[in-house]
1. Step by step: first the residues of the stretch A:111-129, then only those that are assigned to a strand (DSSP E or B) and in contact with a Ser or Thr (Cβ under 8 Å, 6 or more places away or on another chain), then the one that is nearest to the other protein chains (Cβ to nearest Cβ). Which residue is that?
2. Consider B:VAL124 carefully, then state whether it is free of Cβ contacts under 8 Å to residues at least 12 places away in the same chain and hydrophobic (A, V, I, L, M, F, W, C).
3. Just one of the numbered conditions (1) facing another protein chain (nearest Cβ under 7 Å); (2) at pLDDT 95 or above; (3) farther than 30 Å from B:VAL124 by Cα; (4) out of contact with any Cys (no Cβ under 6 Å at 6 or more places or on another chain) is not true of A:ALA168; which one?
4. Starting from residues that are more than 7 Å from chain B (Cβ to nearest Cβ) and of a type in the set (Asp, Glu), keep the ones in the stretch A:209-244 and report whichever is nearest to B:CYS169 (Cα to Cα).
5. Restricting to helices (runs of 4 or more DSSP H) lying wholly in the stretch A:157-260: which have 1 or more residues that are among the β-branched types (Val, Ile, Thr) and in contact (Cβ under 8 Å) with a residue 12 or more places away in the chain?
6. Among strands (runs of 3 or more DSSP E) lying entirely in the stretch A:1-69, which contain 3 or more residues that are crowded, with 18+ Cβ neighbours inside 10 Å and either modelled with pLDDT under 95 or among the β-branched types (Val, Ile, Thr) (or both)?
7. One residue is enough: does the stretch B:118-138 have a residue meeting the conditions polar (S, T, N, Q), surrounded by 17 or more Cβ atoms within 10 Å (Cβ to Cβ) and assigned by TED's automatic domain parsing to the domain that holds B:LYS20?
8. Can you name the residue in the stretch B:70-88 that is assigned to a loop (DSSP other than H, G, I, E, B) and among the polar types (S, T, N, Q) and, of all such residues, is nearest to the other protein chains (Cβ to nearest Cβ)?
There are 2 protein chains.
Amino acid sequence: MRITLIGSGNVATHLGAAFKNAGHKIVQVYSPTMQNAALLAYHLGAEPIDDLANIDPDTGLFVIAVKDDAISGIAKQLSVYQKLIVHTSGATSISALEIFTTQSGVFYPLQTFSKTRELDFRQVPLCIEGASEEITNTLLTLAQTVSNNVYKVSSDQRKTLHLAAVFACNFPNYLYHISQQLLEQHDLQFDIIRPLIDETAQKVQQYLPADVQTGPAVRNDEKTMEAHLQLLNDNAEFQVIYKLLSQGIIKMEKWRQQHR
Amino acid sequence: MRITLIGSGNVATHLGAAFKNAGHKIVQVYSPTMQNAALLAYHLGAEPIDDLANIDPDTGLFVIAVKDDAISGIAKQLSVYQKLIVHTSGATSISALEIFTTQSGVFYPLQTFSKTRELDFRQVPLCIEGASEEITNTLLTLAQTVSNNVYKVSSDQRKTLHLAAVFACNFPNYLYHISQQLLEQHDLQFDIIRPLIDETAQKVQQYLPADVQTGPAVRNDEKTMEAHLQLLNDNAEFQVIYKLLSQGIIKMEKWRQQHR
């Protein structure tokens, strides 16, 4: 397939490489900053452009991978070419494109990307939606050329998915940060706790989280929780988080015990 | 080394297997329930006992791997044999043993264990403390026979470490549970989000969490956060957690920007 990338950030970079590796032709890479367009275009064997007026209309698909706020403005400009247009945003409805064109869809990779970190794109879940059944099928077929984890997900479901991803990724990462801060305050290296973080994530690849919950809260071990809160006396904010999440775990476990 | 295991739970099971694989002799396994003692003792080629009166004094080390509340009572009974005694608890000071014997130490594996899940013990961080320098050195040497990640950690540091582990393991697992609940409520499988959980934990094996924070809060993307809170309208508890952790991330990022 001939594909045009709008954007040169983390998603465009990883998606572009995956398309190219699967044998697709990346026609152009657009970025308002020519240097960014050129860098990614070079890697993908594509033409860099920094002005949408220079779009090559000989393409099969426009992939908009830009900040959420910018999607609609770009979609409007691209709609004149009457080609298929998808965005890659978890938080944006397909309707952001549909107001400009019926040939629209969503191609949302549910993963946390960094430009500097390699990852196996075939493991990345791709969440697909199309404005018509035909478009959905076209996009599902394309998705399967780059990933083994392809899902059909409606705009409504994708909203929830995006929220669930905050709880599964952004918030745990912040808790890792708190952990690292506590260690640093007591001259302990973050290295010591890294294997625990890894194993905690590995366990839920196999089990449901509620079934492998460990720690003082799930045992309702009040003595240990009290000691932990004491240790956090100098940090009111971490203390509030500790209390709130412990209460949540205690409640989850009570519910589990009653519904066994 | 000749080693006696007191306990037959997750820690005793994994530690016992690691000692045996490293060529140490497990003399006896004690559990108040003979069936549990027998099962683990069978795997370790040891003698099972369910009465501390039957302890074989011909051992070099008693490893107490039982619930925190039971450590002191057992240490008192074992102290008559005048052999080295360690406990394996993150939340318990070495003084719980020192009141009964000077030959005491701590051998704390910082990992989340399940009996049914295999793991590479050589990656498990072992946190070592001894009542004397000689004991510390003996335990460090022993620890290095089973793990590549051996740390000398004081009782004070271990308290913090145990607390940090709650933030790095128990709380993230609970957030995975919330994520899974949200998906289930909208007919989405937990499978779809498992690769994201994995990659989030993998990223911080290499980077510090604050440096790889992603999501709406770190971008201070108020529109997306508002939409997420709306979605959580039916779940006041998850909403409170969402607000609190988002505020924490916003504050962390502000601090980072100012201290660059």
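1. So the residue we want is A:LEU126.
2. On the way: free of Cβ contacts under 8 Å to residues at least 12 places away in the same chain: no; hydrophobic (A, V, I, L, M, F, W, C): yes.
So B:VAL124 fails the test.
3. (3)
4. It comes out as A:ASP211.
5. Correct list: A:171-185, A:194-203, A:236-258.
6. A:2-6, A:25-30
7. Filtering the stretch B:118-138 for residues polar (S, T, N, Q) gives B:123, B:132, B:136-138.
Remaining after also requiring surrounded by 17 or more Cβ atoms within 10 Å (Cβ to Cβ): B:138.
Pick out the ones that are also assigned by TED's automatic domain parsing to the domain that holds B:LYS20 and you get B:138.
Yes, some residue in the stretch B:118-138 is polar (S, T, N, Q), surrounded by 17 or more Cβ atoms within 10 Å (Cβ to Cβ) and assigned by TED's automatic domain parsing to the domain that holds B:LYS20.
8. B:THR88
The values are calculated or read from the model by the stated rules, or taken from the named source; none is laboratory data. In this text, all values refer to a predicted model and were calculated from it rather than measured experimentally. All Cβ positions, even for glycine, are placed from backbone atoms using ideal geometry, and neighbour counts span all protein chains on display.
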